[in-house]
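Scroll down for the structure; my scribbles are underneath it.
The values are calculated or read from the model by the stated rules, or taken from the named source; none is laboratory data. All values derive from a computational prediction rather than experimental measurement. Every residue, glycine among them, receives a Cβ derived from its backbone with ideal geometry; neighbour counts consider all protein chains shown.
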Amino acid sequence: MKEKQSLLSVRALQRRPDFTLDVDFESNSALTALFGPSGSGKTSILNLIAGVHRPARGRIVVAGNVLTDTEAGIFIPMHQRRVGVVFQDAQLFPHLTVQQNIKFGQWFTRMHDQGLPLEVIVEVLGIGSLMKRRPATLSGGERHRVALARALLSSPRILLMDEPLAALDDARRSEIMSLIERIRDEFRVPIVYVTHNVEEVRRLALRVVRINAGRVVSTGTAAEVLGS
Amino acid sequence: MFGFSPDAWMAIELSLRVATVGTLVGLPIALVAAYALARWRFPGKIILDGILHLPLVLPPVVTGYFLLLTFGRQGLLGKELYDLFGITFSFRWTGAALACGVMGFPLMLRAIRLSFEAIDRRFETAAGTLGANPYWTFLVVTLPLALPGVLVGAILCFAKALGEFGATITFVSNIPGETQTIPSAIYTFTQVPGGESEALRLSCVSIAIAMVALILSEVLNRRIQRRIAVFE
(Lines give C-alpha, C1' and ligand atoms only; values in the text may rest on other atoms or scores of the structure.)
Protein backbone atom coordinates (compact mmCIF):
# COMPACT_ATOMS: atom_id res chain seq x y z
CA MET A 1 0.00 0.00 0.00
CA LYS A 2 1.70 3.17 -1.21
CA GLU A 3 0.81 6.72 -0.37
CA LYS A 4 2.38 10.09 -0.73
CA GLN A 5 3.67 11.18 2.61
CA SER A 6 6.78 12.02 4.52
CA LEU A 7 9.76 9.68 4.54
CA LEU A 8 9.00 8.50 8.02
CA SER A 9 5.84 8.86 10.02
CA VAL A 10 5.40 7.21 13.40
CA ARG A 11 2.36 7.28 15.62
CA ALA A 12 2.34 4.63 18.30
CA LEU A 13 0.94 3.79 21.68
CA GLN A 14 2.43 0.93 23.63
CA ARG A 15 1.60 0.11 27.24
CA ARG A 16 3.69 -2.02 29.52
CA PRO A 17 3.24 -2.47 33.26
CA ASP A 18 6.03 -0.07 34.12
CA PHE A 19 6.17 2.13 31.05
CA THR A 20 3.94 3.82 28.51
CA LEU A 21 5.18 4.88 25.11
CA ASP A 22 2.99 7.40 23.33
CA VAL A 23 4.70 9.12 20.41
CA ASP A 24 3.76 10.90 17.22
CA PHE A 25 6.33 12.39 14.85
CA GLU A 26 7.28 12.72 11.20
CA SER A 27 10.53 13.34 9.42
CA ASN A 28 11.75 13.98 5.90
CA SER A 29 15.42 14.14 6.77
CA ALA A 30 18.26 11.93 5.62
CA LEU A 31 19.20 11.45 9.26
CA THR A 32 16.71 11.73 12.10
CA ALA A 33 18.09 11.43 15.60
CA LEU A 34 15.93 10.05 18.39
CA PHE A 35 17.55 11.78 21.31
CA GLY A 36 16.87 11.24 24.98
CA PRO A 37 18.08 9.66 28.21
CA SER A 38 18.36 5.91 28.78
CA GLY A 39 15.00 4.27 29.32
CA SER A 40 13.08 7.06 27.58
CA GLY A 41 11.73 4.68 24.93
CA LYS A 42 14.07 5.34 22.00
CA THR A 43 14.89 1.69 21.39
CA SER A 44 11.22 0.77 21.78
CA ILE A 45 10.45 3.13 18.88
CA LEU A 46 13.09 1.41 16.74
CA ASN A 47 11.59 -1.97 17.61
CA LEU A 48 8.17 -0.73 16.54
CA ILE A 49 9.52 0.57 13.22
CA ALA A 50 11.45 -2.67 12.63
CA GLY A 51 8.37 -4.76 13.43
CA VAL A 52 9.96 -6.53 16.38
CA HIS A 53 7.00 -5.38 18.43
CA ARG A 54 3.44 -4.48 17.59
CA PRO A 55 1.98 -1.33 19.14
CA ALA A 56 -1.36 -1.41 20.95
CA ARG A 57 -2.47 1.43 18.66
CA GLY A 58 -0.60 3.19 15.95
CA ARG A 59 0.48 3.70 12.38
CA ILE A 60 4.00 3.54 10.98
CA VAL A 61 4.78 4.59 7.42
CA VAL A 62 8.22 4.45 5.80
CA ALA A 63 8.74 6.03 2.36
CA GLY A 64 5.07 5.65 1.53
CA ASN A 65 4.89 2.01 2.68
CA VAL A 66 2.42 1.40 5.50
CA LEU A 67 4.25 -1.04 7.76
CA THR A 68 1.91 -0.95 10.73
CA ASP A 69 -1.64 0.31 10.97
CA THR A 70 -3.58 -1.14 13.87
CA GLU A 71 -6.87 0.40 12.78
CA ALA A 72 -6.63 -1.08 9.30
CA GLY A 73 -5.27 -4.36 10.71
CA ILE A 74 -1.95 -4.00 8.89
CA PHE A 75 1.19 -5.45 10.39
CA ILE A 76 3.92 -6.31 7.90
CA PRO A 77 6.15 -9.00 9.44
CA MET A 78 9.70 -8.04 10.31
CA HIS A 79 11.29 -10.03 7.48
CA GLN A 80 9.18 -8.31 4.82
CA ARG A 81 9.75 -4.74 6.00
CA ARG A 82 13.17 -4.16 4.50
CA VAL A 83 14.42 -2.19 7.45
CA GLY A 84 18.14 -2.40 8.06
CA VAL A 85 19.02 -2.42 11.74
CA VAL A 86 22.46 -1.72 13.18
CA PHE A 87 22.31 -3.06 16.70
CA GLN A 88 24.12 -1.56 19.64
CA ASP A 89 26.40 -4.57 20.00
CA ALA A 90 26.48 -5.36 16.26
CA GLN A 91 24.83 -8.80 16.60
CA LEU A 92 26.97 -10.38 13.90
CA PHE A 93 26.24 -14.07 13.40
CA PRO A 94 29.09 -15.80 15.23
CA HIS A 95 28.97 -18.94 13.09
CA LEU A 96 29.43 -17.07 9.80
CA THR A 97 32.41 -15.26 8.31
CA VAL A 98 32.33 -11.51 7.72
CA GLN A 99 31.58 -12.13 4.06
CA GLN A 100 28.70 -14.49 4.87
CA ASN A 101 27.40 -12.01 7.43
CA ILE A 102 27.26 -9.08 5.05
CA LYS A 103 25.74 -11.20 2.28
CA PHE A 104 23.09 -12.60 4.62
CA GLY A 105 20.47 -10.00 3.77
CA GLN A 106 21.29 -10.08 0.07
CA TRP A 107 20.54 -13.74 0.07
CA PHE A 108 16.96 -13.09 1.16
CA THR A 109 16.29 -9.89 -0.73
CA ARG A 110 17.93 -10.69 -4.04
CA MET A 111 14.61 -10.41 -5.83
CA HIS A 112 14.54 -6.71 -4.97
CA ASP A 113 16.65 -4.27 -6.91
CA GLN A 114 19.98 -3.97 -5.19
CA GLY A 115 20.38 -0.28 -4.63
CA LEU A 116 23.90 -0.41 -3.30
CA PRO A 117 26.63 -2.52 -4.86
CA LEU A 118 28.70 -4.70 -2.55
CA GLU A 119 32.01 -3.37 -3.81
CA VAL A 120 31.11 0.23 -3.02
CA ILE A 121 29.96 -0.55 0.51
CA VAL A 122 32.98 -2.73 1.23
CA GLU A 123 35.22 0.02 -0.10
CA VAL A 124 33.57 2.86 1.81
CA LEU A 125 33.56 0.90 5.06
CA GLY A 126 37.07 -0.41 4.52
CA ILE A 127 36.29 -4.02 5.39
CA GLY A 128 37.80 -5.69 2.31
CA SER A 129 40.60 -7.28 4.30
CA LEU A 130 38.24 -8.74 6.91
CA MET A 131 36.06 -10.83 4.62
CA LYS A 132 37.38 -14.27 5.60
CA ARG A 133 37.47 -13.55 9.34
CA ARG A 134 34.95 -14.52 11.97
CA PRO A 135 33.18 -11.96 14.20
CA ALA A 136 34.92 -13.25 17.32
CA THR A 137 38.29 -12.15 15.91
CA LEU A 138 37.21 -8.57 15.09
CA SER A 139 37.75 -5.44 17.17
CA GLY A 140 34.78 -3.35 18.30
CA GLY A 141 35.18 -0.81 15.51
CA GLU A 142 35.54 -3.52 12.87
CA ARG A 143 32.40 -5.21 14.13
CA HIS A 144 30.40 -2.03 13.74
CA ARG A 145 31.64 -1.43 10.23
CA VAL A 146 30.65 -4.99 9.30
CA ALA A 147 27.24 -4.52 10.96
CA LEU A 148 26.73 -1.33 8.93
CA ALA A 149 27.69 -3.14 5.73
CA ARG A 150 25.35 -6.00 6.53
CA ALA A 151 22.39 -3.69 7.12
CA LEU A 152 23.10 -1.59 4.02
CA LEU A 153 23.42 -4.66 1.79
CA SER A 154 19.95 -5.93 2.65
CA SER A 155 18.67 -3.11 0.39
CA PRO A 156 16.73 -1.44 3.18
CA ARG A 157 14.09 1.25 2.79
CA ILE A 158 15.34 2.77 6.00
CA LEU A 159 18.35 2.24 8.23
CA LEU A 160 17.81 2.08 11.98
CA MET A 161 20.82 2.57 14.25
CA ASP A 162 20.62 1.86 17.96
CA GLU A 163 23.42 3.74 19.74
CA PRO A 164 25.98 2.33 17.32
CA LEU A 165 28.85 4.16 18.99
CA ALA A 166 28.05 3.45 22.64
CA ALA A 167 30.59 0.65 23.04
CA LEU A 168 33.49 2.34 21.21
CA ASP A 169 36.46 4.41 22.34
CA ASP A 170 36.87 8.00 21.13
CA ALA A 171 39.11 7.26 18.13
CA ARG A 172 36.74 4.58 16.83
CA ARG A 173 33.69 6.82 17.47
CA SER A 174 35.08 9.54 15.31
CA GLU A 175 35.96 7.06 12.58
CA ILE A 176 32.47 5.48 12.54
CA MET A 177 30.83 8.92 12.68
CA SER A 178 32.63 9.93 9.48
CA LEU A 179 31.35 6.74 7.86
CA ILE A 180 27.80 7.47 8.98
CA GLU A 181 28.12 10.98 7.51
CA ARG A 182 29.21 9.46 4.20
CA ILE A 183 26.33 6.98 4.23
CA ARG A 184 23.94 9.80 5.08
CA ASP A 185 25.19 12.00 2.24
CA GLU A 186 26.08 9.47 -0.47
CA PHE A 187 23.63 6.58 -0.14
CA ARG A 188 19.96 7.30 -0.57
CA VAL A 189 18.80 5.49 2.54
CA PRO A 190 17.14 7.53 5.27
CA ILE A 191 18.59 6.88 8.72
CA VAL A 192 16.96 6.87 12.14
CA TYR A 193 19.66 7.21 14.74
CA VAL A 194 19.10 6.53 18.43
CA THR A 195 21.48 8.21 20.87
CA HIS A 196 21.78 9.96 24.20
CA ASN A 197 24.98 11.69 23.15
CA VAL A 198 24.79 15.44 22.41
CA GLU A 199 27.98 15.46 20.34
CA GLU A 200 26.64 12.78 17.99
CA VAL A 201 23.38 14.68 17.57
CA ARG A 202 25.16 17.95 16.73
CA ARG A 203 27.46 16.30 14.23
CA LEU A 204 25.11 13.86 12.48
CA ALA A 205 21.47 14.84 12.88
CA LEU A 206 19.58 16.87 10.31
CA ARG A 207 16.46 16.57 12.40
CA VAL A 208 16.12 15.75 16.07
CA VAL A 209 13.19 14.17 17.87
CA ARG A 210 13.70 14.57 21.56
CA ILE A 211 12.15 11.81 23.66
CA ASN A 212 11.57 11.76 27.37
CA ALA A 213 9.61 9.25 29.48
CA GLY A 214 7.96 7.73 26.42
CA ARG A 215 6.83 11.01 24.85
CA VAL A 216 8.07 13.40 22.20
CA VAL A 217 9.24 16.54 23.99
CA SER A 218 10.32 18.58 20.98
CA THR A 219 11.35 18.26 17.34
CA GLY A 220 13.47 20.39 15.08
CA THR A 221 17.04 20.91 13.96
CA ALA A 222 19.86 20.11 16.37
CA ALA A 223 20.28 23.82 17.15
CA GLU A 224 16.55 24.27 17.80
CA VAL A 225 16.22 21.25 20.05
CA LEU A 226 19.50 21.49 21.93
CA GLY A 227 19.82 25.27 21.96
CA SER A 228 23.06 26.87 20.84
CA MET B 1 37.53 -63.04 15.07
CA PHE B 2 39.06 -61.75 18.33
CA GLY B 3 37.72 -64.93 19.90
CA PHE B 4 34.12 -63.74 19.92
CA SER B 5 31.35 -66.26 19.46
CA PRO B 6 28.83 -65.70 16.64
CA ASP B 7 26.25 -64.68 19.23
CA ALA B 8 28.57 -62.00 20.56
CA TRP B 9 29.22 -60.63 17.07
CA MET B 10 25.53 -60.55 16.34
CA ALA B 11 24.95 -58.72 19.60
CA ILE B 12 27.57 -56.07 18.72
CA GLU B 13 26.20 -55.54 15.21
CA LEU B 14 22.63 -55.46 16.50
CA SER B 15 23.45 -53.01 19.29
CA LEU B 16 25.05 -50.55 16.86
CA ARG B 17 22.12 -50.84 14.47
CA VAL B 18 19.50 -50.48 17.21
CA ALA B 19 21.21 -47.50 18.84
CA THR B 20 21.80 -45.74 15.50
CA VAL B 21 18.23 -46.20 14.27
CA GLY B 22 16.75 -45.32 17.66
CA THR B 23 18.78 -42.10 17.80
CA LEU B 24 18.26 -41.00 14.18
CA VAL B 25 14.50 -41.59 14.25
CA GLY B 26 14.22 -39.81 17.59
CA LEU B 27 16.34 -36.82 16.54
CA PRO B 28 13.79 -34.89 14.43
CA ILE B 29 11.12 -35.50 17.06
CA ALA B 30 13.49 -34.29 19.77
CA LEU B 31 14.30 -31.15 17.73
CA VAL B 32 10.63 -30.22 17.37
CA ALA B 33 9.81 -31.06 21.00
CA ALA B 34 12.86 -29.21 22.32
CA TYR B 35 12.04 -26.14 20.24
CA ALA B 36 8.42 -26.20 21.41
CA LEU B 37 9.42 -26.55 25.06
CA ALA B 38 12.11 -23.87 24.78
CA ARG B 39 10.17 -21.29 22.79
CA TRP B 40 6.44 -21.77 22.72
CA ARG B 41 3.86 -21.19 25.38
CA PHE B 42 0.93 -23.55 25.29
CA PRO B 43 -1.45 -25.14 27.79
CA GLY B 44 -0.27 -28.44 29.20
CA LYS B 45 3.39 -27.64 28.57
CA ILE B 46 4.48 -28.80 32.03
CA ILE B 47 2.61 -32.06 31.58
CA LEU B 48 4.12 -32.69 28.13
CA ASP B 49 7.54 -31.90 29.57
CA GLY B 50 6.93 -34.42 32.35
CA ILE B 51 5.71 -37.17 30.03
CA LEU B 52 8.69 -36.76 27.69
CA HIS B 53 11.08 -37.01 30.63
CA LEU B 54 9.33 -39.97 32.30
CA PRO B 55 11.59 -42.68 30.81
CA LEU B 56 14.50 -41.01 32.57
CA VAL B 57 13.06 -41.57 36.03
CA LEU B 58 10.73 -44.57 35.68
CA PRO B 59 12.10 -48.07 36.26
CA PRO B 60 13.07 -49.24 32.75
CA VAL B 61 10.95 -52.34 33.23
CA VAL B 62 7.87 -50.11 33.54
CA THR B 63 8.74 -48.29 30.32
CA GLY B 64 9.26 -51.64 28.61
CA TYR B 65 5.96 -52.91 29.90
CA PHE B 66 4.10 -49.85 28.63
CA LEU B 67 5.78 -50.25 25.27
CA LEU B 68 4.55 -53.82 25.24
CA LEU B 69 1.02 -52.69 26.04
CA THR B 70 1.11 -49.95 23.41
CA PHE B 71 3.23 -51.30 20.58
CA GLY B 72 2.84 -55.05 21.08
CA ARG B 73 0.94 -57.06 18.45
CA GLN B 74 -2.29 -56.62 20.37
CA GLY B 75 -1.35 -53.16 21.63
CA LEU B 76 -3.27 -49.98 20.85
CA LEU B 77 -0.81 -48.60 18.31
CA GLY B 78 0.98 -51.85 17.54
CA LYS B 79 -2.12 -53.35 15.94
CA GLU B 80 -2.82 -50.23 13.90
CA LEU B 81 0.78 -49.93 12.70
CA TYR B 82 0.79 -53.57 11.64
CA ASP B 83 -2.55 -53.31 9.83
CA LEU B 84 -1.63 -50.04 8.09
CA PHE B 85 2.09 -50.38 7.34
CA GLY B 86 2.99 -53.94 8.22
CA ILE B 87 5.40 -52.68 10.87
CA THR B 88 5.93 -55.04 13.78
CA PHE B 89 7.79 -54.24 16.95
CA SER B 90 7.24 -57.21 19.21
CA PHE B 91 10.23 -59.58 19.39
CA ARG B 92 11.91 -57.80 16.47
CA TRP B 93 15.02 -55.60 16.31
CA THR B 94 12.73 -52.67 15.41
CA GLY B 95 11.16 -53.07 18.85
CA ALA B 96 14.61 -52.99 20.44
CA ALA B 97 15.35 -49.80 18.50
CA LEU B 98 12.07 -48.29 19.71
CA ALA B 99 12.79 -49.22 23.34
CA CYS B 100 16.36 -47.88 23.16
CA GLY B 101 15.22 -44.73 21.36
CA VAL B 102 12.52 -44.04 23.95
CA MET B 103 14.98 -44.54 26.81
CA GLY B 104 17.61 -42.25 25.26
CA PHE B 105 15.11 -39.62 24.10
CA PRO B 106 14.91 -37.54 27.31
CA LEU B 107 18.69 -37.10 27.39
CA MET B 108 18.71 -35.91 23.79
CA LEU B 109 15.68 -33.66 24.36
CA ARG B 110 17.23 -32.06 27.41
CA ALA B 111 20.56 -31.26 25.74
CA ILE B 112 18.88 -29.81 22.65
CA ARG B 113 16.40 -27.79 24.68
CA LEU B 114 19.17 -26.28 26.80
CA SER B 115 21.10 -25.29 23.70
CA PHE B 116 18.00 -23.62 22.19
CA GLU B 117 17.43 -21.75 25.43
CA ALA B 118 21.05 -20.61 25.51
CA ILE B 119 20.85 -18.91 22.10
CA ASP B 120 20.73 -15.13 22.20
CA ARG B 121 17.40 -14.43 20.54
CA ARG B 122 18.63 -11.11 19.25
CA PHE B 123 20.50 -13.06 16.57
CA GLU B 124 17.11 -14.27 15.38
CA THR B 125 15.76 -10.73 15.42
CA ALA B 126 18.78 -9.64 13.39
CA ALA B 127 18.09 -12.40 10.85
CA GLY B 128 14.46 -11.25 10.66
CA THR B 129 15.38 -7.64 9.94
CA LEU B 130 17.67 -8.93 7.17
CA GLY B 131 14.73 -10.57 5.44
CA ALA B 132 14.84 -14.16 6.71
CA ASN B 133 11.41 -15.56 7.52
CA PRO B 134 11.04 -17.64 10.70
CA TYR B 135 11.74 -20.95 8.94
CA TRP B 136 14.92 -19.73 7.30
CA THR B 137 15.95 -18.10 10.55
CA PHE B 138 15.62 -21.46 12.25
CA LEU B 139 17.61 -23.24 9.55
CA VAL B 140 20.48 -20.80 9.07
CA VAL B 141 20.78 -19.17 12.50
CA THR B 142 19.07 -21.06 15.33
CA LEU B 143 19.93 -24.61 14.30
CA PRO B 144 23.61 -23.96 13.45
CA LEU B 145 24.06 -22.12 16.75
CA ALA B 146 22.41 -25.01 18.60
CA LEU B 147 24.32 -27.67 16.66
CA PRO B 148 26.92 -28.46 19.34
CA GLY B 149 24.09 -29.13 21.82
CA VAL B 150 22.19 -31.19 19.26
CA LEU B 151 25.30 -33.26 18.69
CA VAL B 152 25.91 -33.79 22.39
CA GLY B 153 22.27 -34.81 22.79
CA ALA B 154 22.44 -37.30 19.95
CA ILE B 155 25.64 -38.86 21.31
CA LEU B 156 24.15 -39.12 24.81
CA CYS B 157 21.07 -40.78 23.37
CA PHE B 158 23.23 -43.16 21.33
CA ALA B 159 25.32 -44.08 24.37
CA LYS B 160 22.23 -44.58 26.51
CA ALA B 161 20.66 -46.71 23.77
CA LEU B 162 23.76 -48.91 23.61
CA GLY B 163 23.50 -49.60 27.30
CA GLU B 164 19.75 -50.02 27.51
CA PHE B 165 18.73 -53.29 29.11
CA GLY B 166 15.55 -53.25 31.20
CA ALA B 167 13.05 -51.80 28.77
CA THR B 168 14.43 -53.76 25.83
CA ILE B 169 14.33 -57.16 27.53
CA THR B 170 10.84 -56.49 28.89
CA PHE B 171 9.46 -55.33 25.54
CA VAL B 172 11.17 -57.61 23.02
CA SER B 173 12.86 -60.26 25.16
CA ASN B 174 16.38 -61.59 24.55
CA ILE B 175 16.51 -63.42 21.23
CA PRO B 176 20.02 -63.93 19.79
CA GLY B 177 20.34 -62.26 16.41
CA GLU B 178 17.03 -60.43 16.68
CA THR B 179 16.74 -58.59 19.99
CA GLN B 180 19.84 -59.62 21.93
CA THR B 181 21.85 -56.42 22.28
CA ILE B 182 25.26 -56.23 24.01
CA PRO B 183 23.82 -55.76 27.53
CA SER B 184 21.37 -58.66 27.09
CA ALA B 185 24.18 -60.82 25.71
CA ILE B 186 26.42 -59.94 28.67
CA TYR B 187 23.58 -60.83 31.00
CA THR B 188 23.08 -64.17 29.23
CA PHE B 189 26.80 -64.99 29.31
CA THR B 190 26.96 -64.33 33.05
CA GLN B 191 24.11 -66.79 33.57
CA VAL B 192 25.79 -69.77 31.85
CA PRO B 193 28.79 -71.71 33.18
CA GLY B 194 32.04 -70.68 31.45
CA GLY B 195 30.51 -67.51 29.99
CA GLU B 196 32.51 -65.10 32.14
CA SER B 197 35.33 -64.46 29.67
CA GLU B 198 32.84 -63.72 26.86
CA ALA B 199 30.93 -61.38 29.20
CA LEU B 200 34.14 -59.57 30.06
CA ARG B 201 35.16 -59.19 26.42
CA LEU B 202 31.72 -57.80 25.51
CA SER B 203 31.94 -55.39 28.43
CA CYS B 204 35.23 -54.12 27.04
CA VAL B 205 33.54 -53.67 23.65
CA SER B 206 30.84 -51.57 25.36
CA ILE B 207 33.46 -49.37 26.93
CA ALA B 208 35.33 -49.02 23.63
CA ILE B 209 32.21 -48.04 21.65
CA ALA B 210 31.17 -45.55 24.31
CA MET B 211 34.64 -43.97 24.39
CA VAL B 212 34.79 -43.70 20.59
CA ALA B 213 31.35 -42.06 20.57
CA LEU B 214 32.33 -39.52 23.21
CA ILE B 215 35.64 -38.65 21.54
CA LEU B 216 33.94 -38.37 18.17
CA SER B 217 31.38 -35.96 19.59
CA GLU B 218 34.12 -33.84 21.12
CA VAL B 219 36.10 -33.70 17.87
CA LEU B 220 33.02 -32.87 15.81
CA ASN B 221 31.96 -30.28 18.36
CA ARG B 222 35.31 -28.49 18.06
CA ARG B 223 35.18 -28.54 14.29
CA ILE B 224 31.66 -27.14 14.32
CA GLN B 225 32.57 -24.41 16.75
CA ARG B 226 35.43 -23.41 14.47
CA ARG B 227 33.56 -23.44 11.23
CA ILE B 228 29.97 -23.69 10.18
CA ALA B 229 29.55 -22.45 6.65
CA VAL B 230 25.89 -22.21 5.78
CA PHE B 231 26.29 -20.47 2.46
CA GLU B 232 28.86 -18.46 0.58
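A compact table of results
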{"read-out": "Restricting segment B:106-132 to residues that are among the basic types (Lys, Arg), surrounded by fewer than 24 Cβ atoms within 10 Å (Cβ to Cβ) and more than 7 Å from chain A (Cβ to nearest Cβ), the residue that is nearest to the chain's Cα centre (by Cα)", "value": "B:Arg110"}
{"read-out": "Strands (runs of 3 or more DSSP E) lying entirely in segment A:1-106 (those with 2 or more residues that are in contact (Cβ under 8 Å) with a residue 40 or more places away in the chain and more than 9 Å from every other protein chain (Cβ to nearest Cβ))", "value": "A:8-16, A:19-27, A:31-35, A:57-62, A:65-69"}
{"read-out": "Filter pass, A:Phe25 being out of contact with any Lys or Arg (no Cβ under 9 Å at 6 or more places or on another chain), among the aromatic types (Phe, Trp, Tyr) and more than 19 Å from A:Ala149 (Cα to Cα)", "value": "no"}
{"read-out": "Hits in segment A:177-214 (condition: in contact with a Gly (Cβ under 8 Å, 6 or more places away or on another chain) and modelled with pLDDT of 90 or more)", "value": "A:His196, A:Arg207, A:Val208, A:Arg210, A:Ile211, A:Asn212, A:Ala213, A:Gly214"}
{"read-out": "Subset of segment A:122-151 (residues that are buried (at least 21 other Cβ atoms within 10 Å of the Cβ) and either among the basic types (Lys, Arg) or within 11 Å of chain B (Cβ to nearest Cβ) (or both))", "value": "A:Arg143, A:Arg145, A:Ala147, A:Arg150, A:Ala151"}
{"read-out": "Test: residue in segment B:27-43 that is modelled with pLDDT under 90, farther than 24 Å from B:Ala208 by Cβ and surrounded by fewer than 14 Cβ atoms within 10 Å (Cβ to Cβ)", "value": "no"}
{"read-out": "B:Pro176 more than 10 Å from every other protein chain (Cβ to nearest Cβ), of a type outside the set (A, V, I, L, M) and surrounded by 16 or more Cβ atoms within 10 Å (Cβ to Cβ)", "value": "yes"}
{"read-out": "Odd one out for B:Thr168, checked against (1) assigned to a helix (DSSP H, G or I); (2) buried (at least 21 other Cβ atoms within 10 Å of the Cβ); (3) facing chain A (nearest Cβ under 10 Å)", "value": "(3)"}
{"read-out": "Residue satisfying all of: in segment B:44-72; small (Gly, Ala, Ser) and touching a Gly at 6+ places or on another chain (Cβ under 7 Å); surrounded by the fewest Cβ atoms within 10 Å (Cβ to Cβ) among these", "value": "B:Gly72"}
{"read-out": "Matching option when the condition is away from every other protein chain (no Cβ under 14 Å), surrounded by fewer than 22 Cβ atoms within 10 Å (Cβ to Cβ), within 23 Å of B:Val25 (Cα to Cα) and of a type in the set (Val, Ile, Thr), among B:Ile155, B:Ile224, B:Ile182, B:Ile215", "value": "B:Ile215"}
{"read-out": "Close pairs from segment B:135-163: first basic (Lys, Arg), partner surrounded by 22 or more Cβ atoms within 10 Å (Cβ to Cβ), Cβ under 7 Å, at least 6 apart", "value": "B:Lys160/B:Met103; B:Lys160/B:Gly104; B:Lys160/B:Leu107"}
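The rows are residues; the columns are (1) out of contact with any His (no Cβ under 8 Å at 6 or more places or on another chain); (2) within 16 Å of B:Ala34 (Cα to Cα); (3) outside any helix (DSSP H, G or I).
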{"residue": "B:Gly104", "(1), (2), (3)": "yes, yes, no"}
{"residue": "B:Met108", "(1), (2), (3)": "yes, yes, no"}
{"residue": "B:Ile112", "(1), (2), (3)": "yes, yes, no"}
{"residue": "B:Glu117", "(1), (2), (3)": "yes, yes, no"}
{"residue": "B:Thr125", "(1), (2), (3)": "yes, no, no"}
{"residue": "B:Gly128", "(1), (2), (3)": "no, no, no"}
{"residue": "B:Gly131", "(1), (2), (3)": "no, no, yes"}
{"residue": "B:Thr142", "(1), (2), (3)": "yes, yes, no"}
{"residue": "B:Leu145", "(1), (2), (3)": "no, yes, no"}
